[in-house]
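A.B. asks: Okay, here's the structure, questions in a sec.
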Amino acid sequence: LAAKILFDELKPGIDPFSSENKVIFATGPLTGTDAPTSGRIEVVTKSPLTGIFSDSSAGGLFGASLKRAGYDALIIEGAAEKPVYILIDDDEVDIKDASEFWGLPVYEADKKLKSKVAGGFHAAVIGLAGENLVRFACICFDIYRQAGRCGAGAVLGSKKVKAVLVKGTKPVEVAR
């Protein structure tokens, strides 16, 4: 799904750090269920490291929480003027000021963000490498799981997105 969206919507030749690039967080059809190995999240973008398609995945609970919030994918496009984080609480999606978290390493930013929003959120956070557009920067999910291939963290940094926090409480319905 994410690869198809990227292929269909990106113009050939765009710079990976352009606001036209997208970062797509995608779940699978069984994400959020009890199916074995279904707890993955895919991050797809145009890579600043290679200049081509980038696909990286991570385990943990972020993907399941995104799916339980009712989303098969989250597409981030454009760029903020100042640092922001995205807060998804089931059907409510907000973009919040992240200035106080910009410049913090992942561990510290994750802890401070979660204490600010409280209540069972899972986080995708970039660190200093992402903020400084290091072309191989990763995205850290709940601190200990990383989507570390091809620089997706740097693309989030170019968009001034420090983090995505998500909490989903709905059941996942599987078709047929």
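The values are calculated or read from the model by the stated rules, or taken from the named source; none is laboratory data. None of the values given here were measured: they were computed from a predicted structure. We place every Cβ from the backbone using ideal geometry, glycine too, and count neighbours over all the protein chains shown. Calculation scope for accessible area: heavy atoms of the full protein, side chains included, ligands and nucleic acids excluded. Shrake-Rupley method; radii C 1.70, N 1.55, O 1.52, S 1.80 Å.
A.B. asks: Does at least one position in the stretch 18-26 carry a residue that is over 15 Å from the mean Cα position of the chain (by Cα) and among the hydrophobic types (A, V, I, L, M, F, W, C)?
C.D. replies: Checked against the condition, which is being over 15 Å from the mean Cα position of the chain (by Cα) and among the hydrophobic types (A, V, I, L, M, F, W, C), the stretch 18-26 yields no hits at all.
A.B. asks: Counting only residues that are under 17 Å from ALA154 (Cα atoms) and surrounded by 17 or more Cβ atoms within 10 Å (Cβ to Cβ), how many does the stretch 81-96 have?
C.D. replies: Here the count works out to 4.
A.B. asks: A further question follows. Restricting to the stretch 51-80, count the residues that are hydroxyl-bearing (Ser, Thr, Tyr) and open to solvent by 30 Å² or more (accessible area, probe 1.4 Å).
C.D. replies: Filtering the stretch 51-80 down to residues hydroxyl-bearing (Ser, Thr, Tyr) leaves 54, 56-57, 65, 71.
Within this subset, residues satisfying the condition of being open to solvent by 30 Å² or more (accessible area, probe 1.4 Å) are 57, 71.
Total satisfying the criteria: 2.
A.B. asks: Quick one: count up the residues across the stretch 129-157 that are open to solvent by 30 Å² or more (accessible area, probe 1.4 Å), on the phi < 0 side of the Ramachandran plot and either charged (D, E, K, R) or touching a Gly at 6+ places or on another chain (Cβ under 9 Å) (or both). Spell out the reasoning first.
C.D. replies: Initially, the stretch 129-157 is screened for residues open to solvent by 30 Å² or more (accessible area, probe 1.4 Å), giving 129, 132-136, 138, 142, 144-146, 148-149.
Next cut, on the phi < 0 side of the Ramachandran plot only: 129, 132, 134-136, 138, 144-146, 148-149.
Those still in the list that are either charged (D, E, K, R) or touching a Gly at 6+ places or on another chain (Cβ under 9 Å) (or both) too: 129, 132, 134-136, 138, 144-146, 149.
So the count comes out to 10.
A.B. asks: Spot the failing condition for PHE17; the list is (1) at pLDDT 95 or above; (2) of a type in the set (A, V, I, L, M, F, W, C); (3) in contact with a strand residue (DSSP E or B) (Cβ under 9 Å, 6 or more places away or on another chain); (4) farther than 28 Å from PRO171 by Cβ, and only one is missed.
C.D. replies: It fails just one condition, (3).
A.B. asks: Within the stretch 97-104, is there a residue that is under 23 Å from THR45 (Cα atoms), assigned to a strand (DSSP E or B) and either open to solvent by 60 Å² or more (accessible area, probe 1.4 Å) or at pLDDT below 95 (or both)?
C.D. replies: Looking for residues that are under 23 Å from THR45 (Cα atoms), assigned to a strand (DSSP E or B) and either open to solvent by 60 Å² or more (accessible area, probe 1.4 Å) or at pLDDT below 95 (or both), one finds none in the stretch 97-104, hence no.
A.B. asks: Filter the stretch 83-96 down to the residues that are free of Cβ contacts under 8 Å to residues at least 40 places away in the same chain and assigned to a strand (DSSP E or B) and list them by number. So that I can check it myself, show each step before the final result.
C.D. replies: Pass one, the stretch 83-96, residues free of Cβ contacts under 8 Å to residues at least 40 places away in the same chain: 91-96.
GLU92, VAL93, ASP94, ILE95, LYS96 - these are the residues of the stretch 83-96 that are free of Cβ contacts under 8 Å to residues at least 40 places away in the same chain and assigned to a strand (DSSP E or B).
A.B. asks: Any residue that is open to solvent by 20 Å² or more (accessible area, probe 1.4 Å) and under 26 Å from LYS46 (Cα atoms) - is there at least one of those in the stretch 109-119?
C.D. replies: Checked against the condition, which is being open to solvent by 20 Å² or more (accessible area, probe 1.4 Å) and under 26 Å from LYS46 (Cα atoms), the stretch 109-119 yields no hits at all.
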